[in-house]
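Below is one structure; the comments refer to it alone.
The values are calculated or read from the model by the stated rules, or taken from the named source; none is laboratory data. The structure displayed is predicted, hence computed values, not measured ones. Neighbour counts run over all protein chains shown; Cβ positions are idealised from the backbone, glycine included.
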Amino acid sequence: MSSTTVQDHTVMHLVASDRLSLRILVDLEYDAADPYAVRLTFHLPGDRPVSWVFGRDLLVEGIRRPAGEGDVHVHPAGSGPAEVRLVLHAPGHDAVLRAPAAPLIAFLARTDRLVPVGAEVVAGDLDEQLAGILSAPGRQDTG
């Protein structure tokens, strides 16, 4: 793990029905080069890993209250913050997962130490982009 990434693992339950769920390993990844996103990679038995990338802020908010539109919804499960439910919508398939909130909160805290929420665009990134624009071929110095 480099100083620009945060990686962790947790176990979630893939909910098949009210009475049946399957424990799966999930890799959690955050890269400061893509500071708004988190990647969750689900290791399904007998199948290739499946990755979903979505907004870090969606995961942060969904731990406390229902959040999400479109393909990813996150919300507390039950009456307390101990468990989180993720609903992933894909064409023809929906997946419902339950996860303990504590490992997600710890992961998000580590991402926040790397790039605080709200400070995703940093001066270094802007300086690099500006330098790239100014050094582009065909640019004439007018100063």
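A few comments on the model shown:
- Selected residue [over 14 Å from Arg110 (Cα atoms), crowded, with 17+ Cβ neighbours inside 10 Å and either charged (D, E, K, R) or within 17 Å of the chain's Cα centre (by Cα) (or both)] from Val74, Val53, Val6, Val11: Val74
- The C-beta contact set for the range 11-22 (first residue without any contact (Cβ under 8 Å) to a residue 40 or more places away in the chain, second residue assigned to a loop (DSSP other than H, G, I, E, B) and surrounded by 11 or more Cβ atoms within 10 Å (Cβ to Cβ), distance under 8 angstrom, 6+ apart or interchain) comprises Leu22/Ala16.
- Residue match in the range 93-105 (condition: in a strand (DSSP E or B), in contact with a Phe, Trp or Tyr (Cβ under 7 Å, 6 or more places away or on another chain) and either of a type in the set (Asp, Glu) or closer than 17 Å to Glu29 by Cβ (or both)): no
Residues are listed down the side, and each one gets a yes or a no for (1) surrounded by 13 or more Cβ atoms within 10 Å (Cβ to Cβ); (2) modelled with pLDDT of 95 or more; (3) more than 19 Å from Val117 (Cβ to Cβ); (4) among the aliphatic types (A, V, I, L, M):
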site	(1), (2), (3), (4)
Val38	yes, yes, no, yes
Gly70	no, no, yes, no
Gly78	no, no, yes, no
Pro81	yes, no, no, no
